[in-house]
Structures are given as structure tokens and as C-alpha cells.
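Since the structure comes first, as C-alpha cells, the remarks are kept for the end.
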Amino acid sequence: MKNNPPLLRTIDANINRFKEGIRVVEDILRYEYDSPLAKELKTIRHITLPDYEKFIKFRNSDKDILKPSTKSEQTRTSVKDIIVSNLKRTQESARVLEESFKLYDIIISEKFKDARYKLYSLEKEILELLGT
């Protein structure tokens, strides 16, 4: 793996964002809707990342310049709003990971590309489940 600390920090942050966003939606679908779509999300969340510990050492969350929340991040008006916000967060993170891993491991890059497209499809199914 090439040594590019700023990009490795980006990868670490986006791995966390990716997994956290999926987990929020997964838990809502699991506990509030008893939906089998939660299993599909869980599968996506468990993408295998070799050498994950190498990314963590570049973490610097205490000094993240965008750590403070914006008003839109602090406001949710419904469960649907929570789900959509987190699906978008996850899709965006998948795209960052797809692009970043092109420098390190094209197989992992393609896994995140596949995950992103699967998330687009699941988003449609989830919104149908919610009745929108």
C-alpha cells in the first residue's frame, strides 16, 4: 500500500461514515419494520478490508475541521428523513472509497462501486417500504 497519509485519513473517515450510515438504516429496518432489507444492508456493511488497522493510525478526529454539525445535520423531521440522510451519507462515502482505493487496490475499489449501486437499488426499495 502506498504511503499517502492524507488519503489514508480520508479512507479511514469514509469507512466509518459508510458503516455508521448503513447501521442506522439497518437498525431502523430491523427493529421498526422487521424488514429483510436489513439483512442486505448488513451484508454490504461487512465489506472485508485487509489491513484496516493501517488506516486507523492516520485518524485525527479531534482536529477534524468539519467536526461541528450544521443545522441540517442537527434536524430530522421523520424516520424517513433519518433513513434518506443516512443512505445518502453511505452512498457518498462509497464513492469516495471507490475513488480512493483506485490508488491502492482495484478489487476493493470495485467492491465499493458495487456497494454503491446496490445502495441505490435498496434506497428505492426502502422508500417503497416506507410508502413514498
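The values are calculated or read from the model by the stated rules, or taken from the named source; none is laboratory data. Computed from a predicted model, the values in this text were never measured in an experiment. Note that we place each Cβ from the backbone using ideal geometry, even for glycine, and neighbour counts take in every protein chain shown. The area values use the complete protein model at the heavy-atom level, side chains included, leaving out ligands, DNA and RNA. Shrake-Rupley method; radii C 1.70, N 1.55, O 1.52, S 1.80 Å.
Name the residue that is surrounded by the most Cβ atoms within 10 Å (Cβ to Cβ), counting only residues in segment 14-40 that are farther than 18 Å from Ile108 by Cα and among the aromatic types (Phe, Trp, Tyr).
For segment 14-40, the residue satisfying everything is Tyr33.
State whether one or more residues within segment 53-72 are in contact with a Lys or Arg (Cβ under 6 Å, 6 or more places away or on another chain) and modelled with pLDDT under 95.
Scanning segment 53-72, I find at least one residue that is in contact with a Lys or Arg (Cβ under 6 Å, 6 or more places away or on another chain) and modelled with pLDDT under 95, so the answer is yes.
Out of the residues in segment 100-132 that are among the hydroxyl-bearing types (Ser, Thr, Tyr) and within 18 Å of Phe18 (Cα to Cα), which is most open to solvent (accessible area, probe 1.4 Å)?
Tyr117
Given the conditions (1) closer than 19 Å to Arg89 by Cα; (2) of a type outside the set (Val, Ile, Thr); (3) without any contact (Cβ under 8 Å) to a residue 40 or more places away in the chain, and given that Glu53 satisfies all but one, which numbered condition is not satisfied?
(1)
Does Leu29 satisfy the criteria of being in contact with a Pro (Cβ under 9 Å, 6 or more places away or on another chain), modelled with pLDDT of 95 or more and under 17 Å from Glu125 (Cβ atoms)?
Criteria met by Leu29.
Can Thr43 be described as closer than 19 Å to Ile106 by Cβ, open to solvent by 70 Å² or more (accessible area, probe 1.4 Å) and not aliphatic (A, V, I, L, M)?
So Thr43 does not fit the description; no.
Got a sec? Which of Asp81, Asp34 is at pLDDT 90 or above and on the phi > 0 side of the Ramachandran plot?
Only one candidate qualifies: Asp34.
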